[in-house]
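Take a look at the structure set out below.
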Amino acid sequence: MQNKKNITTLTLFFKANFFVTTLFFLLFLIFNHDNDTLLFTVPAALSTSAMLYLAYFLLLRPLFRFEKVMLPLLVALFTLTNFALLLDFFIFRIWKFHINGMVLNILMSPAAFDSIQTGSGPVLITIGYFVAFVTFELWLLRFLKRKEAPLLEGWNRTFNRVVAPIVLLVALTEKVYYGFANMYANDKILESTKPIPLYQPLTFTRFMEKRFGLHAAERKSADVGVKSDAKVVYPLKPIEIPHPKPVHIFIFASDAVRNDILDAAVTPNILRFSQDALWFTNNRSGGNTTRFGIFSLFYGLNSAYWFTFLNAKTGPVFFKALERLDYDIGIFSSTDTSWPEFKQTVYYDVKERIHDQFPGLPWEKDRALTQSWLKWIDDKNGSQPIFSFVFLDGPHGNSYPEDFAKFQPDGAGEVNYATASEEDRTELFNQYKNAVHYSDHLIGMMIEKLKAKGLYENAIVIFTSDHGQEYYEFGLLGHNSAFDIEQTNSPLIMKVPGLASRKIDTLASSIDLMPTLMRKIGVTNDFADFSNGKDLLADDYRRDFTTCGNWYKNAIITPKYTLVFSNLPNEILKTRVYDTITYKPIPYPKDPNANRYILEVLNQNRRFVK
C-alpha cells in the first residue's frame, strides 16, 4: 500500500510541475504583441509544455518504484527545467532569441562575466531565484506526501479523466491548425510561435499535396499585416543621401565558387579582370549555403537574421537607396528566385526587375541568362545609373557543355552523388573546374560588353560568390556542412574607379560589401543604422573576426580559430572549436578576446529586432 501511495505521490508531483512549467511557457507570450493570435499561441504554449513533460514521464515512469532515487532526481529535474525557462525568458527579452550555443558559452565561461560586467546584483538575484525554485519543489513534494492516499488517488483520477484529454485535444488542434497555417502562408501565425521556447511545428504540406491535391500558397505578399506585426526594426534611422554620388555597379556572381579555384587555367577572364581590381583573397561568405550567403551579401547583416526578415518580408535598404537615386536595376538569376525565398527577402522591393526564367540544364540556363543580359545592356546608353546583379548556377551542380570539358578525367560529366566517395575526387573536382571555367567564359563575355559600351571604366565591377565548395579536403563533399576554408572562402574582387589594383590578404567578409557600396553612392548614415558590416575601402579596415551561418549552426571565424555553435537541442551544449586553416578540432582558445567576440555577435544579432 505504501509503495502504491509513493508512486501516486511521484505521479502527482510530476503533474503539478506540468502546471507550473506551463505558466512559464505562457509567460513568453508577452513578447508576442499581436493579441489576435492568442487563441493559437496559448494552446501552442500549453502543447509545448505537455510534449516536454510527456517525454519526461515516458522516460522516468518505470523508475518510480525506486523512490529514494527518484525524489532528488525529480526535484533537480523540475528545478532545472523551470529555472532554465526563467533564464531563457530574460535572454529572449534582451536578445530576442532563445538559449543557444553562443549564449551558453557566455553563461558558462567565467571569463565571459568580465566582458559582460554584470556586477554582483544579477548574480545574487540568479542565486536567489534558484534557491526559491529548489525550496518550492521541496515544499510541493512535502505537501503531497502529507496527504492521504485516497485523496491523492482522487486527484490523479481527475487529472487522467479530465485534464489529460483536454490537453491532448488542445495539442492536436493546435498542431493541425499550425500545419494549415503553414500551407496557406499565414505569416501572422507562423511568426507568433517564435517567442515560445522548444516549440515544435507540425507541417504536412507534401502529404496534403500528394494525397489530396492541395497545394501550398506562396508566401509572396504582406496582406496579413506581417510588416506591422513582425519584429524587425530596420533601418534604425532613415537613410540619408545628402550628396548623391550615383555610379554604375555591376556584380557578377557564380554559385559555389571558392577563392582558390581562380587561376590562369580555370578562370583566365576573371584573373585578367582582377588586374584592375582589389582582390580580398581571405574573404569569407556570410553563409556556407546559398540562402544565407546571398542574404548576408545584400543586407550586410549576419545570416542569423534570415528567418526574421523572411517572415517580415523586409527588403534590404540597399535597393531602397538605389531606387531613390533612380537606378536602372536588373536582377539576372539562372535559378528561380522564389526558392530560396529571395522574392520575399533580398528582392522583395525589386521583384519586377527580376529575370529568372531560363530553360534547360544549369549551364544552358547560364548561357540563356548571359544572352538576356547582353541584350539588356545593349539598350543602355549610360545616361541613367545602372545596377545589375548576375547569378550563374553551373558550378553548383558541376554543369557545363561538352566543349568546355577541359580538365580530364571528368567521368563524362556524370556522377552519382548518392554513392560518391573520396575515391571519386579527381573526376568530381575536374567537373567542378570545368563548370567554373564555363562560368568564367560567360563572365568574360559580359565584362567585354561593358567595355565595348563604354560602361566599364567608370563603374564599380565586382566578382563574388555566395559560398565555396569542398571536395573532400576535410572529408566532406559540397557545402552547408562545415565552416572550413573551402566552403566559406568565396571570392571578392572589386574594381573601384580611381583605386589601384592589389591583393588584400587580411580577413574580410562579404557582409561588408553592401555597406561599402552604400557609402560609395553617397549614404552618410553610420553603418550601425542598417548593417553589421564595415567599409572595405576604409584606410583602417580590419576584422578580428567574421560570422558565417546556415540553417542550424553559426560560426565565428578568426584568423586562428573558428567557433561553431549549434541551435539543435542535442548539440546546444557543444561548442566546437577548429583551427581555421586546417579545420582540425582544437581546445577552446585561451584568447581573452574570444568571449568578447561572442558577446559582440549576440548584440549584433539583436540590433534590428524589437
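The values are calculated or read from the model by the stated rules, or taken from the named source; none is laboratory data. Remember, it's a predicted structure, so these values are computed and weren't measured experimentally. Note: ideal-geometry Cβ built from the backbone for every residue, glycine included; neighbour counts use all protein chains shown.
Assorted remarks:
- Qualifying residue in the range 393-405 (condition: in contact with a strand residue (DSSP E or B) (Cβ under 8 Å, 6 or more places away or on another chain) and assigned to a helix (DSSP H, G or I)): yes
- Just one of the listed residues (Lys145, Lys188, Lys194) is in the same structural domain as Phe25 (by TED's automatic domain parsing) and within 30 Å of Asn6 (Cα to Cα), and it is Lys145.
- Filtering Thr524, Thr547 for residues that are hydroxyl-bearing (Ser, Thr, Tyr), surrounded by fewer than 18 Cβ atoms within 10 Å (Cβ to Cβ) and at pLDDT 95 or above leaves a single hit, Thr524.
- Residues within the range 118-177 that are part of a helix (DSSP H, G or I), among the charged types (D, E, K, R) and free of Cβ contacts under 8 Å to residues at least 24 places away in the same chain, tallied: 3
- The set of residues in the range 348-366 being in a loop (DSSP other than H, G, I, E, B), among the aliphatic types (A, V, I, L, M) and in contact with an Asp or Glu (Cβ under 9 Å, 6 or more places away or on another chain) is empty.
- Answer from Asp591, Asp529, Asp540 - the residue that is closer than 30 Å to Leu271 by Cα and of a type in the set (Asp, Glu): Asp540
- Selection status of Phe28, of a type outside the set (Val, Ile, Thr), in the same structural domain as Ile166 (by TED's automatic domain parsing), crowded, with 16+ Cβ neighbours inside 10 Å and under 21 Å from Glu191 (Cα atoms): yes
- Selected residue (only one of Leu54, Leu46, Leu10, Leu26 is closer than 23 Å to Trp155 by Cβ, in a helix (DSSP H, G or I) and more than 34 Å from the chain's Cα centre (by Cα)): Leu10
- Residues of the range 333-347 that turn out to be closer than 15 Å to Pro316 by Cα and not in a loop (DSSP other than H, G, I, E, B), as a count: 3
- Residue in the range 446-466 that is under 18 Å from the mean Cα position of the chain (by Cα) and modelled with pLDDT of 95 or more present: yes
- Check on Glu352, more than 21 Å from Ala256 (Cβ to Cβ) and under 30 Å from the mean Cα position of the chain (by Cα): yes
- So Tyr597, is it at positive phi, surrounded by 13 or more Cβ atoms within 10 Å (Cβ to Cβ) and outside any strand (DSSP E or B): no
- Verdict on Asn570 being modelled with pLDDT under 95, surrounded by 24 or more Cβ atoms within 10 Å (Cβ to Cβ) and out of contact with any Gly (no Cβ under 7 Å at 6 or more places or on another chain): no
- Those strands (runs of 3 or more DSSP E) of the range 533-581 in which at least 2 residues are under 23 Å from Ile493 (Cβ atoms), touching a residue at least 40 places away in the same chain (Cβ under 8 Å) and not hydrophobic (A, V, I, L, M, F, W, C), considering only elements entirely within it, cover 546-549.
- Qualifying residue in the range 294-307 (condition: buried (at least 23 other Cβ atoms within 10 Å of the Cβ) and under 17 Å from Gln469 (Cα atoms)): yes
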